[in-house]
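Here the structure comes first, spelled out in structure tokens, and everything after it is commentary.
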């Protein structure tokens, strides 16, 4: 298996633009997580899905952020409009069922909003 | 309340020596899992080791071992015979049965000195 795939790996955009980050989890994994990592705030969980259904989105910073998982093999995280404070590395991770199984992380998308 | 606490922002260790990275956790669930991840400067998150709450023995994976003290709610990572390539950020994480999500600590930056 290729592991968790994220695209793009790097994104540079201007304030106010829409940004869409993409993730393909490992096949068969029924949990998908979106994280944001910054120097100031560390690793923050934004939202996670179970069987394509959002379970907890309490970590989503504000309405500018939205995430979807239309099927088991694809998820998007969208920021509209983007702001400079959204600059961070965004990780997608997937895992099988509950306890005892680790998360597998994607390589991350480094987002820079100018 | 913090679910995972890592009190050491930075640690130094001499090459070939052993080092312990501290982690304490907070949960009332009887069933949970504890994980350690390594994040080198390249940015990817690498799973290192797992300990289940019901496991009787401390987990070991090569040079990594987890010093699990359930009553004290601690899950310290021990790296033996440190190598230069061990220099990285190390994150402790927990998954309990309540939220089905992962909780990460703030990380410890380890530097191995030649």
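Just so you know, all these numbers are worked out from the coordinates, no wet-lab data involved. Quick caveat, the model's predicted, so the values are computed rather than measured. Glycine also receives a Cβ, built like all others from the backbone with ideal geometry; neighbour counts cover every protein chain displayed.
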**Asked** Applying 1/(1 + (r/R0)^6) with R0 = 41 Å to the Cβ-Cβ distance of residue B:81 and residue A:18, what FRET efficiency is obtained, to the nearest 0.05?
**Response** 0.25
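Take every Cα pair under 8 Å in the range A:1-72 that's 6+ residues apart, average their separations, divide by the length, and report that relative contact order as a whole percent.
21
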**Item:** Shielding by other protein chains, B:41-47, mean Cβ within 10 Å
**Value:** 5
**Most to least packed among A:55-63, A:88-96, B:63-71 [average Cβ atoms within 10 Å]** = A:88-96, B:63-71, A:55-63
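Sort B:90-97, B:40-47 by packing, meaning the average of other beta carbons within 10 Å per residue, with the highest value first.
Averaged packing, sorted descending, gives the order B:90-97, B:40-47.
Report the relative contact order of chain B, percent, no decimals, based on alpha-carbon pairs under 8 angstrom and at least 6 residues apart.
Working: 285 pairs, mean separation 42.9, N = 114.
Averaging sequence separation for qualifying contacts and normalising by length gives 38 percent for chain B.
Just tell me how shielded B:29-36 is by partners: mean number of partner chain Cβ atoms within 10 Å of each residue's Cβ, no decimals.
Neighbouring Cβ atoms belonging to other protein chains average 2 per residue here.
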**Prompt:** If you average over every viewing direction, what projected area does the convex hull of the Cα atoms of the protein assembly as shown give, in nm²?
**Reply:** 12.5
**Fill in**
Hits in the range A:15-35: amide N under 19 Å from the 7 Å Cα→Cβ extension of residue A:63, namely A:16-19
**Exercise: per-residue mean of other protein chain Cβ atoms within 10 Å, B:101-108** = 5
**Message:** Could you sort the peptides B:12-25, A:25-38 by per-residue average Cβ neighbour count (10 Å cutoff), highest mean leading?
**Reply:** A:25-38, B:12-25
**Request:** Measure out, as a whole number of angstrom, how far apart the alpha-carbon centroids of the range A:1-57 and the range B:28-93 sit.
**Result:** 24
